[in-house]
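Below are the structure tokens for one structure; questions will follow.
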Amino acid sequence: MGGKGSGRTSIIKELQENASNKSKAELMQDSMSVLRASAPYAAKYLRDVVRKSVSKPSWARIHVCEFILEHILGKPPQRHEITGAGGTPLTWQAIVLLAEQAPQVEIPPQPPQIVEAKDPEEPADEPD
């Protein structure tokens, strides 16, 4: 049998060798198939970490597992809460009322500014 990680190495080599002959869509499809194939291993590793079957969990590996699962299953929805004074929740009606009471400020569009890069070796201009 091959050494540790030999399967991963062969997949990466195969992707690199075929990369020059494939379109971007084909490369994306190949990359997603690698992620799909890795998803069960990622889930098992995270399960083992939670069950404390892994004596010294690797944070780098945990982050890679999260990356794989988020790209295959999708990122879980994030919950946000806007609070008012004293930490009480704000209702949508209160947010709309606050927005209506805010002063109307018109921000004029600004043209992009071109800043000339200076050579770090060049002495700074001295004021006259």
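The values are calculated or read from the model by the stated rules, or taken from the named source; none is laboratory data. These figures come from a predicted structure and were not determined experimentally. Here the Cβ positions follow ideal geometry from the backbone for every residue, glycine too, while neighbour counts run over all protein chains shown.
Which one is farthest from residue 40 (Cα to Cα), of the residues in the range 71-93 that are surrounded by 12 or more Cβ atoms within 10 Å (Cβ to Cβ) and free of Cβ contacts under 8 Å to residues at least 12 places away in the same chain?
Within the range 71-93, the first condition is being surrounded by 12 or more Cβ atoms within 10 Å (Cβ to Cβ), and the residues that meet it are 71-72, 84, 90.
Then drop every residue that is not free of Cβ contacts under 8 Å to residues at least 12 places away in the same chain, which leaves 84, 90.
Working: 84: 43, 90: 41 Å.
It comes out as 84.
Limited to the range 38-64, what total is found for residues that are under 20 Å from residue 12 (Cβ atoms), outside any loop (DSSP other than H, G, I, E, B) and either among the hydroxyl-bearing types (Ser, Thr, Tyr) or in contact (Cβ under 8 Å) with a residue 24 or more places away in the chain (or both)?
Taking the range 38-64 first, the residues under 20 Å from residue 12 (Cβ atoms) are 38-42, 45, 58, 60-61, 63-64.
Narrowing further to those that are outside any loop (DSSP other than H, G, I, E, B): 38-42, 45, 60-61, 63-64.
Narrowing further to those that are either among the hydroxyl-bearing types (Ser, Thr, Tyr) or in contact (Cβ under 8 Å) with a residue 24 or more places away in the chain (or both): 38-39, 41-42, 45.
The qualifying residues number 5.
While we're here: I'd like to verify a number: residues in the range 94-112 that are of a type in the set (Gly, Ala, Ser) and either in contact (Cβ under 8 Å) with a residue 12 or more places away in the chain or assigned to a loop (DSSP other than H, G, I, E, B) (or both), how many? Before the answer, list the steps.
Going residue by residue through the range 94-112, those that are of a type in the set (Gly, Ala, Ser) are 94, 99, 102.
Right, trim to either in contact (Cβ under 8 Å) with a residue 12 or more places away in the chain or assigned to a loop (DSSP other than H, G, I, E, B) (or both) and you get 102.
Residues in the range 94-112 being of a type in the set (Gly, Ala, Ser) and either in contact (Cβ under 8 Å) with a residue 12 or more places away in the chain or assigned to a loop (DSSP other than H, G, I, E, B) (or both): 1 in total.
Determine whether residue 122 is modelled with pLDDT of 70 or more, surrounded by fewer than 10 Cβ atoms within 10 Å (Cβ to Cβ), of a type in the set (D, E, K, R) and over 31 Å from the mean Cα position of the chain (by Cα).
Numbers: modelled with pLDDT of 70 or more: no; surrounded by fewer than 10 Cβ atoms within 10 Å (Cβ to Cβ): yes; of a type in the set (D, E, K, R): yes; over 31 Å from the mean Cα position of the chain (by Cα): yes.
Taking the combined requirement at face value, the residue does not satisfy it.
Do you know which of the residues in the range 16-49 that are among the aliphatic types (A, V, I, L, M) and farther than 17 Å from residue 70 by Cβ is farthest from the chain's Cα centre (by Cα)?
Here is the first cut: in the range 16-49, the residues among the aliphatic types (A, V, I, L, M) are 19, 25, 27-28, 32, 34-35, 37, 39, 42-43, 46, 49.
This time we only want the ones that are farther than 17 Å from residue 70 by Cβ, so: 19, 25, 27.
Details: 19: 24, 25: 21, 27: 20 Å.
The qualifying residue farthest from the chain's Cα centre (by Cα) is 19.
If you don't mind, another one. Just to check your reading of the model, which residue among 64, 96, 105 is closer than 30 Å to residue 41 by Cα and either of a type outside the set (Ser, Thr, Tyr) or within 18 Å of the chain's Cα centre (by Cα) (or both)? Before you say what the answer is, go through the steps one by one.
Working: 96 fails: closer than 30 Å to residue 41 by Cα; 105 fails: closer than 30 Å to residue 41 by Cα.
None of the other options fit; the residue is 64.
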